[in-house]
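The structure under discussion appears below in the form of structure tokens.
Nothing in this text is a laboratory measurement; each read-out follows from the coordinates by a stated rule. Fair warning: this is a prediction, and the values are worked out from it, not measured in the lab. FYI the Cβ positions are ideal-geometry reconstructions off the backbone, even for glycines, and counts take in every protein chain you see.
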Amino acid sequence: MTERETPSVDGLVIGILGGTGDQGRGLAFRFARAGHPVIIGSRSEERARSVAGLLGHHVQGMANRDAAREASVVIAAVPFEGHGDLLASLAPELAGKIVVDCVNPLGFDERGAFPLPVPEGSAAEQAAALLPDSRVVAAFHHVSAVLLLDPEVESMDLDVLVLGENRAATDLVQALAARIPGVRGVYAGRLRNCAQIEALTANLVSINRRYKAHAGIRITDI
């Protein structure tokens with residue numbers, strides 16, 4: 001982003017749909033640690049409040065619909081099987097907002113992880129089709145929930161690949177990714193290129209299982 005001014009993300013209220021899951025909790029923890037007000041969303045408001053109470057004073061818990069309504073930027077971190085139905089039901093609350101989709105459509109069997117086909121091409125493209133009045137950005141697919149949740153991990157060796165149709169929205173999400181120490185947001189194309197980004201997570205799962213690691217992605221020469 002050398003040719004453009006980095007947008008300010010100070011004070012952005014971040015809502016995380018599916019925020020009681022591992023990745024959602026991890027992102028909530030990191031953004032709250034960076035000083036952002038965070039709203040964890042869940043089907044169960046009681047569960048959202050319980051998890052929020054464990055994460056700190058910058059974090060609130062609400063039902064998914066309320067989290068979508070109250071947040072400035074919304075991250076979808078829900079299981080793929082509930083992804084489409086949830087976003088479709090929240091389209092009015094998400095209208096006009098940046099929605100960051102980090103869902104990886106994966107299956108698992110005795111041979112390990114594998115990518116699932118998505119009729120729209122990818123989870124992010126499905127989100128864009130369901131949310132025509134939102135600016136959908138794909139990001140945070142390859143971030144280890146274990147590292148995010150570990151308070152002893154001060155910095156993460158990771159690039160976050162950011163994809164989207166709207167330059168202002170991808171710039172903002174890149175800047176948001178950089179709020180996590182050690183992380184850099186890297187623009188990686190339009191949403192039509194998101195299928196391989198989501199599918200690559202299956203390869204990282206295989207790497208992590210073989211090497212007992214929490215591998216991420218780094219992009220060279222930029």
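³J(HN,Hα) across segment 6-12 via Karplus (A = 6.51, B = -1.76, C = 1.60, θ = phi - 60°), whole Hz, x for Gly/Pro?
5, x, 7, 10, 4, x, 4
If you wrap a convex hull around the alpha carbons of segment 14-211, what volume per residue comes out, as a whole number of Å³?
Looking at segment 14-211, the number lands at 110 Å³ per residue.
Measure off 7 Å from each Cα along the Cα-to-Cβ vector at residue 209 and residue 43, then give the distance between these two points in nanometres to one decimal.
2.6 nm
Please report, in debye to the nearest 20, how large the charge dipole of segment 14-211 is about its Cα centre when each Lys and Arg carries +1 at its beta carbon and each Asp and Glu carries -1 there. Walk me through the intermediate numbers first.
Working: 18 positive and 22 negative charges, 56 e Å.
The dipole of segment 14-211 has a size of about 280 debye.
Can you list residues from other chains, or at least 5 along the same chain, whose modelled amide H is less than 5 Å from the amide H of residue 217?
159
What FRET efficiency, computed as 1/(1 + (r/R0)^6) with R0 = 22 Å and r the Cβ-Cβ distance, is obtained for residue 190 and residue 116, rounded to the nearest 0.05?
0.55
State the volume of the convex hull built on the alpha-carbon positions of segment 174-215, expressed per residue in Å³ and rounded to an integer. Mind showing how you got there, number by number?
Numbers: hull volume 3.2 nm³, N = 42.
Spread over its residues, the Cα hull of segment 174-215 gives 76 Å³ apiece.
Can you tell me the mean projection area, over all orientations, of the convex hull of segment 80-159's alpha carbons? Units nm², please.
One quarter of the hull surface, i.e. the mean projection, equals 7.1 nm².
May I ask for the Kirkwood hydrodynamic radius of segment 149-222, worked out over all distinct Cα pairs and given in angstroms to one decimal? Present the calculation step by step, with values, prior to reporting the outcome.
On the way: mean 1/r = 0.0739 Å⁻¹.
For segment 149-222, the Kirkwood estimate is 13.5 Å.
Using the 2.2 N^0.38 Å rule of thumb for compact globular proteins, work out how segment 1-96 stacks up: its C-alpha Rg over that value, please.
Cα Rg divided by the expected 2.2 N^0.38 Å: 1.07.
When the Kirkwood hydrodynamic radius is evaluated over all pairs of different C-alpha atoms of segment 10-65, what value in angstrom, to one decimal, is obtained? Provide the component values of the computation, followed by the final result.
Numbers: mean 1/r = 0.0965 Å⁻¹.
With all distinct Cα pairs of segment 10-65 included, I get 10.4 Å.
Kindly point out which whole DSSP H helices in the chain project their C-alpha atoms 20 angstrom or further along the helix axis while averaging a Kyte-Doolittle hydropathy of -1.0 or above. Walk me through the numbers before you get to the answer.
Working: long enough: 194-211 (26 Å, 0.16).
Helices passing the filter in the chain: 194-211.
So, in nm, how far is label residue 70 from label residue 57 when the simple model puts each one 7 Å beyond its Cα toward the Cβ?
1.7 nm
Could you work out the longest stretch of the chain that avoids the GluC sites (Glu not before Pro) located in DSSP loops with at most 12 other Cβ atoms within 10 Å?
The segment 6-109 is the longest one with no such site.
222 nm [θ] for the chain, helices only, -39500 (n - 2.57) per DSSP H run of 4+, per residue, to 500?
Helix contribution divided over all residues of the chain: -11000 deg cm²/dmol.
Once you put a point 7 Å from the Cα of residue 10 and another 7 Å from the Cα of residue 89, both along the Cβ direction, what distance in nm separates them?
About 3.8 nm, to one decimal.
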